[in-house]
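Below is one structure; the comments refer to it alone.
The values are calculated or read from the model by the stated rules, or taken from the named source; none is laboratory data. Just so it is clear, the structure is predicted and the values come from calculations on it, not from any experiment. Cβ: placed from backbone, ideal geometry, glycine included. Neighbour counts: every protein chain shown.
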Amino acid sequence: MNLKKNLTAFFIIMSLTTVAAGAAGVVIEAANQQINVDKNKGFFSGDVKVTVGDVVVKSPRAELDLEPKSKKPSLAVFFDNPYAFQNKDNKKHEIKANIIKVSLINKTLRAEGNTQSIMMKDRQPLITINSDSQEYNTTTKVMRADGSVIVHYQDVETFSDSASAIIDKGGEIQNLKLSGNVVMKEKSNVLKGNKFEYVPQRQEYQMSGNTSTDVTFDDGSRLYVQARYQQYNKNANNIIAGGNVNIKYKDYTAAGPKAQVFIDPATQKPNKVVFTGRSKITQSASTVEADIITMTMNPKEFKASGNVKTSISGGSDGNNDMEIMP
């Protein structure tokens, strides 16, 4: 379940964009430059290099909009697969896209078309984000990626239609949201849902909309949890699932309105499931219904309490008919 912890670093890389833009000047280098002050426009071509503080953007061609009154640079648009990067100590952040737009007034950087962001440390990639577009706003501290978003971080890989994150001044994630066909993979474990939100301060994530958690154990057995919503709290070491909960584990299948999955702190793997509300568990030909059902993985057993009803189908000959009267 370390998957959630890893998420905190996913979008920090976007903070490289325009932090320095408001305070620093703009240096533009190019083989050809043309500035039309009356039209508030500048055109640059041939090894274009723009430096804003410690952020550098390179491209074959760029255009610059000037603010009509002050005549200061307001928007720089880089074409033909530009490349933006920032070096700090042993770290390097870089962004590639078909087009990159840097707003010096709104303090935003927007990358469009086949965008890729990479954060490296000691020249080794740590995080990679691919999407149709990415944007970071240094005023609101909100980063957003849209369209076929794919994130790679160590053993974690996520897929979603869009993603957003709020980043504090220290570069830490305050809130992370994924939405639209969310799939999260860590080795052989898979989480799915329509929406995902992670709040690091509470060490908690929430998934909603056709959620599922598929955990594979070392012995090859699987625990599958399906529900309308799921909530994981690292401090409490449990998952709360609600709304048409269905759980499969080995030859057990269980269903009920609400369930709690308890995580072993040492192994970080589920070791107990407690169903509350009228629930049902089935093993082979036996079905047990009760108000509370507790299922443990090791040892493999279950307990039921509260209006317990047990049904066993099929005798040794497959016939349940019997008589106590001649």
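Quick notes
Each row is one residue, and each column tells you yes or no for (1) farther than 25 Å from ASN36 by Cα; (2) touching a residue at least 60 places away in the same chain (Cβ under 8 Å); (3) buried (at least 18 other Cβ atoms within 10 Å of the Cβ).
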site: VAL56; (1), (2), (3): no, no, no
site: GLU63; (1), (2), (3): no, no, no
site: GLU67; (1), (2), (3): no, no, no
site: PRO73; (1), (2), (3): no, no, yes
site: VAL102; (1), (2), (3): no, yes, yes
site: ALA111; (1), (2), (3): yes, no, yes
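- Some residue of segment 259-273 being surrounded by 17 or more Cβ atoms within 10 Å (Cβ to Cβ) and either among the small types (Gly, Ala, Ser) or more than 28 Å from PRO200 (Cα to Cα) (or both): yes
- Conditions (1) within 21 Å of VAL26 (Cα to Cα); (2) part of a strand (DSSP E or B); number of the one not met by LYS69: (2)
- Among residues of segment 172-192 that are without any contact (Cβ under 8 Å) to a residue 60 or more places away in the chain and surrounded by fewer than 20 Cβ atoms within 10 Å (Cβ to Cβ), those with a Cβ under 6 angstrom from a residue that is acidic (Asp, Glu) and assigned to a strand (DSSP E or B), sequence gap 6+ or separate chain, pair up as LYS177/GLU197; GLY180/ASP161; ASN181/ASP161; LYS185/GLU157; VAL190/ASP214.
- So VAL245, is it farther than 26 Å from ASN130 by Cβ, of a type outside the set (S, T, N, Q), in contact (Cβ under 8 Å) with a residue 40 or more places away in the chain and part of a strand (DSSP E or B): no
- Residues of segment 274-299 that are closer than 24 Å to GLY193 by Cβ and at pLDDT below 90: MET295, MET297.
- Residues of segment 95-109 that turn out to be more than 20 Å from the chain's Cα centre (by Cα) and in a strand (DSSP E or B), as a count: 8
- Look at (1) assigned to a strand (DSSP E or B); (2) modelled with pLDDT under 85; (3) under 21 Å from ALA165 (Cα atoms) and you find that ILE13 fails only one, number (1).
- Pairing residues of segment 82-95 that are closer than 17 Å to GLN134 by Cβ with residues that are of a type in the set (Asp, Glu) and surrounded by 15 or more Cβ atoms within 10 Å (Cβ to Cβ), at Cβ distances under 7 Å and at least 6 apart in sequence or on separate chains, gives TYR83/GLU94; ALA84/GLU94; PHE85/GLU94.
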